[in-house]
1. So what's Rg/Rh here for segment 47-171, counting alpha carbon atoms and using the Kirkwood radius for Rh?
2. Among the GluC sites (Glu not before Pro) within segment 92-172, which fall in a DSSP loop and have no more than 15 other Cβ atoms within 10 Å of their own Cβ?
3. Taking the number of other C-beta atoms within 10 Å as the exposure measure, put L127, L149 in order starting with the fewest.
4. Using the Karplus curve 6.51 cos²θ - 1.76 cosθ + 1.60 with θ = phi - 60°, what ³J(HN,Hα) values do you get for each residue of segment 99-114, in whole Hz, with x for Gly and Pro?
5. How large is ³J(HN,Hα) for each residue in segment 146-153, as worked out from phi by the Karplus curve 6.51 cos²θ - 1.76 cosθ + 1.60 (θ = phi - 60°), to whole Hz, x for Gly and Pro?
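Computed from the coordinates by the stated procedures, all read-outs in this text should not be read as laboratory data. These figures come from a predicted structure and were not determined experimentally. Virtual Cβ from ideal backbone geometry, glycine too; neighbours counted across all protein chains shown.
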Amino acid sequence: MKKLLFILPLLAMAISFCSMSPDKKSETTAAVAQEAEISGVGRKITWVDFNTGYAKAKSENKIALIDCYTDWCYWCKRLDKDTYTDSAIIETVNKYFVAIKFNPEKTDMKYVIDGKTYNGMELLSILSNGQSSGYPTTFFIKTKGNQMLTPFEGYAAPAEFIKTLQEKVAKN
């Protein structure tokens, strides 16, 4: 009986929404999205590609946070699922960093730094200073002066990763 009392109002709301005009649906959907953004529900990190993000970080004088991943990497997916969905991580990254997703294995991509063009593996070599690094690795570039900050290699739970972010912000 309790289930029925819960389901009936939901069913009524769904029928009401479906019968709305397309314009009214857009207004309703936008209002719900805006309220979710204000309350923090559904917020996420604003990721951009390398070329867009590097230029944006330079123009805004922010640190470029570069999430170096591959499509096949289990720990990369766990980092996305566990760490980059944490509310403290989301707030810190969106406020102090420009978040960049970078997959060095994408062969159709070209990356530009200060007028020079690189492929994915060349950019990875630059970011890692020619050193071997596994996946995931999070690189940080202080774009004023192109200063590389110490990368974070591997997976990190939110409690560990927030400390790394706070250290990077303190050095900016």
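1. Result for segment 47-171 is an Rg/Rh of 0.93.
2. Passing both the DSSP loop test and the Cβ count: E105.
3. Final ranking by Cβ density, sparse to dense: L149, L127.
4. For segment 99-114, the Karplus curve yields 8, 10, 9, 9, 10, x, 8, 6, 7, 8, 9, 10, 10, 10, 10, 6 Hz.
5. Here the 3J(HN,Hα) series is 6, 8, 7, 9, 4, x, 10, 9 Hz.
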